[in-house]
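Visitor: Sending over a structure as structure tokens; questions will come in a sec.
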Amino acid sequence: MVTRWLAGRYGDRRGPAGLVLPALLVSAGGVLLLARTGSAVSAVAGAAVFGAGFGVAQNATLALMYARVPPAGYGTVTALWNVAYDGGMGIGAVAFGVLAGGTGYSWAFVLTAAVMLAALAPARRDRRRDRGSAGSV
């Protein structure tokens with residue numbers, strides 16, 4: 001909750017586009033910390049780090065989507081973002097459970113972080129696109 005608020009303040013002043021890549025990296029780092037399943041400290045720290053990055057990502061992605069449509073499209077943005085968020089949580093939970101059943105929790109967390117890092121490529125491409133059209137975002 002705190003990082004969503006801070007991301008909103010930052011995004012209002014400097015734009016949300018620069019927050020997506022760091023949010024992805026921080027979130028994936030938190031998931032990697034969770035891979036140390038034998039350590040309570042790593043579990044708590046990993047959950048906190050993941051939550052911090054995820055909070056920033058939530059705010060930044062929603063703000064970017066709103067910035068790319070006229071006000072008449074806000075309802076569509078809200079619906080699409082929530083479908084993606086809720087669908088990702090549901091499908092992700094099932095996929096993680098299947099993965100953990102086959103690999104164990106430590107490897108499932110490592111592989112989940114790797115999948116998260118795969119999102120860096122489209123996020124970087126999108127960020128370059130935003131920089132190229134700074135006046136239209």
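Listed here are the residues, each with its yes/no results for (1) within 20 Å of the chain's Cα centre (by Cα); (2) under 20 Å from S27 (Cα atoms); (3) aliphatic (A, V, I, L, M); (4) loosely packed, with under 13 Cβ neighbours inside 10 Å.
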{"position": "Q58", "(1), (2), (3), (4)": "yes, yes, no, no"}
{"position": "L64", "(1), (2), (3), (4)": "yes, yes, yes, no"}
{"position": "A67", "(1), (2), (3), (4)": "yes, no, yes, no"}
{"position": "P71", "(1), (2), (3), (4)": "no, no, no, yes"}
{"position": "M89", "(1), (2), (3), (4)": "yes, yes, yes, yes"}
{"position": "G97", "(1), (2), (3), (4)": "yes, yes, no, yes"}
{"position": "A121", "(1), (2), (3), (4)": "yes, yes, yes, yes"}
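Visitor: Might you check whether a residue that is in a helix (DSSP H, G or I), among the small types (G, A, S), touching a residue at least 12 places away in the same chain (Cβ under 8 Å) and within 24 Å of G92 (Cα to Cα) occurs anywhere in the stretch 35-42? Break it down stepwise before answering.
Guide: Step one: of the stretch 35-42, the residues in a helix (DSSP H, G or I) are 40-42.
Add one more test, that the residue is among the small types (G, A, S), and what stays is 40, 42.
Filter again for touching a residue at least 12 places away in the same chain (Cβ under 8 Å), leaving none.
Looking through the stretch 35-42, none of the residues is in a helix (DSSP H, G or I), among the small types (G, A, S), touching a residue at least 12 places away in the same chain (Cβ under 8 Å) and within 24 Å of G92 (Cα to Cα).
Visitor: Quick one: would you say A93 is over 19 Å from L117 (Cβ atoms), within 16 Å of the chain's Cα centre (by Cα) and either modelled with pLDDT of 95 or more or small (G, A, S) (or both)? Step through it out loud before you land on a result.
Guide: Working: over 19 Å from L117 (Cβ atoms): yes; within 16 Å of the chain's Cα centre (by Cα): yes; either modelled with pLDDT of 95 or more or small (G, A, S) (or both): yes.
The answer is yes for A93.
Visitor: I'm trying to understand the selection: among the residues of the stretch 1-34, which are in a helix (DSSP H, G or I) and touching a residue at least 60 places away in the same chain (Cβ under 8 Å)? I'd like the intermediate steps shown before the answer.
Guide: Restricting attention to the stretch 1-34, the residues satisfying the condition of being in a helix (DSSP H, G or I) are 2-14, 17-34.
Answer for the stretch 1-34, where residues must be in a helix (DSSP H, G or I) and touching a residue at least 60 places away in the same chain (Cβ under 8 Å): A17, G18, V20, L21, L24, L25, S27, A28, G29, V31, L32, L34.
Visitor: Also: Tell me which residues, restricted to the stretch 1-25, are among the hydrophobic types (A, V, I, L, M, F, W, C), surrounded by 18 or more Cβ atoms within 10 Å (Cβ to Cβ) and at pLDDT 90 or above. Steps first, please.
Guide: Pass one, the stretch 1-25, residues among the hydrophobic types (A, V, I, L, M, F, W, C): 1-2, 5-7, 17, 19-21, 23-25.
Next, only the ones that are surrounded by 18 or more Cβ atoms within 10 Å (Cβ to Cβ) stay: 7, 17, 19-20, 23-24.
Across the stretch 1-25, the qualifying residues are A7, L19, V20, A23, L24.
Conditions tested, residue by residue: (1) in contact (Cβ under 8 Å) with a residue 60 or more places away in the chain; (2) farther than 16 Å from V20 by Cβ.
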residue: P70; (1), (2): no, yes
residue: G73; (1), (2): no, yes
residue: T78; (1), (2): no, yes
residue: W81; (1), (2): no, no
residue: G88; (1), (2): no, no
residue: G92; (1), (2): no, yes
residue: A95; (1), (2): no, yes
residue: A119; (1), (2): yes, no
residue: R128; (1), (2): no, no
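The values are calculated or read from the model by the stated rules, or taken from the named source; none is laboratory data. It should be emphasised that the depicted structure is a prediction, and the values quoted were computed from it without experimental measurement. Because the Cβ atoms are built from the backbone with ideal geometry, glycine has one as well, and the counts that use them run over all protein chains shown.
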